[in-house]
Every structure is written in C-alpha cells, then in structure tokens.
Amino acid sequence: MNIVENIAGEICKIILPINEEVFFGNSKSSIAVCTLSSMKLLKKISNSSLMSEINLVGRLLSENKGIDSLIKHVISKKNIKTILICGKDTMGHRSGHSLLKLYENGIDSNGRIIDSSSPDPILTVTKFEIQTFQKQITIINKTGETDILEINRSVNSLLKT
C-alpha cells in the first residue's frame, strides 16, 4: 500500500468510524455470517434471535486486511464450517468478490488473490493458512441479500443439513 492509500484510510476512519466488526452468538454453532458492507444488516442480525443459531456475524470491508483477519479468526475456530455471505459488497474494494475468488483460486506467489478484480487484493496470510481455510469451510454465496427473513431461512436450511 502506498502512502496516499494509508492517509486516505486514516481519513476514512475519522470521517466514517466503524466500530462494530463482529458479534458473537452460539459458540457451538458451525455457521458464521458475513454481511460485507451492510452495516444495518449487521446490526439487525446481531440484535435478532438468529444469534442463537450462528457462531458469529461480522462485516468485511477490505479485500486485504479484512480477509486476512477473517481467515485467521476462522481457522482459529475449528468448529466454524460454513460462512454465509450476504449483504451488499463494498463498492471499489469488492471484498466479497475477492473472498469468493480466494476460496476458489487461492493466491499467487506474491500473495495476490488469483482472478480478483479488487484494487489491492494482496494478503499477508500464508498459503498454508489459506489452504486450511479452504478445506475447513464451505462458502454459501448470497451476496446482495439484505432481507433478514431470507437470511434466517438460509441459516435454518443449513442447520437441517
């Protein structure tokens, strides 16, 4: 990342502070929900009865540090087996797109997510961590879905399998 991107990132933190990142639910659940950039959806889910059915709900705003953090957290929690991606993808960063491409293709020798069209999809996690992540979880892609009732149906469907 260059100095201009670092400065822009710091300005964004001041102008648009986003403190809520992850809310924890049922620690025995194997399902995690990622709301991408949909902060209202994140709040709705975190305040709903759905939290008794899912392990956690979180957001994903960046195609690099965000995905690095997500991978490290998920592989540290061996019981998480499914990530349901919902909400709207971040404009510009396209973090959801990059997460899907990472899951499908991995990274190249420079840590770049293969086939990602995001502006800076360079990860710092190791190939071993990525392979562990890919083997541990299944991603359910509901990108664009913001209806909590529909997300609840998807979670209930996963619980029955």
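Key figures
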item	result
For segment 39-108: rounded, prolate or oblate by the Cα gyration tensor [a/c cutoff 1.5]	oblate
Cα-centre dipole for segment 65-116 with unit charges at Cβ (Lys and Arg positive, Asp and Glu negative), debye to 20	260
Potential lengthening between Leu61 and Arg153 on full extension [0.36 nm per residue; Cα-Cα distance subtracted]	30.7 nm
The chain: radius of gyration and largest Cα-Cα distance (Dmax), Å	15.3, 49
Neighbour-count order for Glu104, Glu129, fewest beta carbons within 10 angstrom listed first	Glu104, Glu129
Positive-end residue of Leu61, Asn26, Ile139, charge dipole of the chain with Cβ unit charges	Asn26
Furthest towards positive pole of dipole, Leu36, Met51, Met91, structure part the chain, Cβ charges	Met51
Net dipole in debye of segment 24-160 [+1 Lys, Arg Cβ; -1 Asp, Glu Cβ; about Cα centre; nearest 20]	440
Helical contribution to [θ] at 222 nm, DSSP H n ≥ 4, -39,500 (n - 2.57), averaged over the chain, rounded to 500	-12500 deg cm²/dmol
Theoretical gain in end-to-end length, Arg112 to Thr124 [0.36 nm per residue, Cα-Cα removed]	3.4 nm
Mean Cβ neighbour count within 10 Å, used as a protection proxy, ranking 153-161, 91-99, 30-38 highest first	30-38, 91-99, 153-161
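Computed from the coordinates by the stated procedures, all read-outs in this text should not be read as laboratory data. The shown structure was predicted, so the numbers you read here are calculated from the model rather than taken from an experiment. Please note: Cβ atoms are built from the backbone with ideal geometry, for glycine as well, and neighbour counts cover all protein chains shown.
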